[in-house]
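The values are calculated or read from the model by the stated rules, or taken from the named source; none is laboratory data. Keep in mind the model is a prediction, meaning the values are calculated, not measured. Cβ placement follows ideal geometry from the backbone for every residue including glycine, while neighbour counts extend to all protein chains displayed. For accessibility, only protein heavy atoms count, side chains too; no ligands or nucleic acids. Shrake-Rupley method; radii C 1.70, N 1.55, O 1.52, S 1.80 Å.
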Amino acid sequence: MVLSLLLTLLLTGAGLLQQRRTRRELGALDRSLQRVAAAMLEQARAETQRESLRQVQRAAEKTVHLGASTVRTLHMGIAAIPFGILEAIPATRDTSRLVREVHDQISDVVYDSITGTNRLFGSLLRRSLL
């Protein structure tokens with residue numbers, strides 16, 4: 001009887017130790033799962049931010065392109081008025097044509113540079129946001 005009682009106490013103690021160890025392991029596992037869940041949530045937030053930045057970048061690039069195109073068209077249209085008048089006058093025709101060619105070439109370089117720089121920066125930003 002005493003032996004049976006000692007054996008019962010010993011098995012109960014071993015069971016309690018095992019239960020305690022299991023609870024500690026479950027607690028550690030729960031903390032690990034919480035860290036993983038937090039990391040996944042942070043990753044999802046970061047991806048959402050990157051997508052928002054990508055959308056802003058695309059909108060900014062389109063806006064700069066549209067603005068440069070609009071200004072270019074207006075500029076060339078306005079510049080055509082005095083050039084047209086000067087080219088209609090025989091005394092200023094040749095000089096005016098030469099000045100207009102230079103003006104148009106410089107304008108093309110400037111607006112093409114703006115458009116090209118906009119595309120380059122847009123491309124670089126898109127790559128950095130991947």
- Task: Work from the charge dipole of the chain (Cβ charges, +1 for Lys and Arg, -1 for Asp and Glu, about the Cα centre) and give the residue of Ala39, Leu130, Thr95 farthest towards its positive end.
- Result: Ala39
- Where Lys and Arg each count +1 and Asp and Glu each count -1, what net charge lies around Arg58 among other residues with Cβ under 15 Å from its Cβ? +4
- Message: Restricted to Cα positions, what overall size does the stretch 1-58 have along the principal axes? Three whole-Å values, descending.
- Response: 84, 8, 5
- With axes computed from alpha carbons, what is the tilt in degrees of helix 2-88 against the longest principal axis of the chain, rounded to the nearest 10 within 0 to 90? 0
- Note on the structure: Summing -39500 (n - 2.57) over every DSSP H run of at least 4 residues in the chain and dividing by its residue count gives a helix-only mean residue ellipticity at 222 nm, to the nearest 500 deg cm²/dmol, of -36000 deg cm²/dmol
- Task: Calculate the dipole size of the stretch 1-109 relative to its Cα centre from +1 charges on Lys and Arg beta carbons and -1 charges on Asp and Glu beta carbons; express the result in debye to the nearest 20.
- Result: 880
- Message: With a 1.4 Å probe and all protein chains left in place, how much of the accessible area of the chain comes from carbon and sulfur atoms, in whole percent?
- Response: 68
- Taking the convex hull of the alpha-carbon atoms of the stretch 34-110 and averaging its shadow over every direction gives an area in square nanometres of 6.0
- the stretch 1-126, accessible area per residue, ligands and nucleic acids excluded (1.4 Å, Å²): 79
- Message: Suppose each label sits 7 Å from its Cα in the direction of the beta carbon; what would the Val56-Glu42 distance come out to in nanometres?
- Response: 2.1
- Message: Give me the three principal axis extents of the chain from the C-alpha atoms, as integers in angstrom, largest value leading.
- Response: 133, 16, 8
- Grab the Cα-Cα distance for Ser69 and Thr117, subtract it from 0.36 nm times how many residues apart they are, and report the gain in nm with one decimal. 15.9 nm
- Query: So how much slack lies between Ala79 and Asp30, counting 0.36 nm per residue of separation and subtracting their Cα-Cα distance, in nm?
  - Reply: 10.4 nm
- In degrees from 0 to 90, rounded to the nearest 10, what is the angle of the helix 93-128 Cα long axis to the longest principal axis of the chain? 0
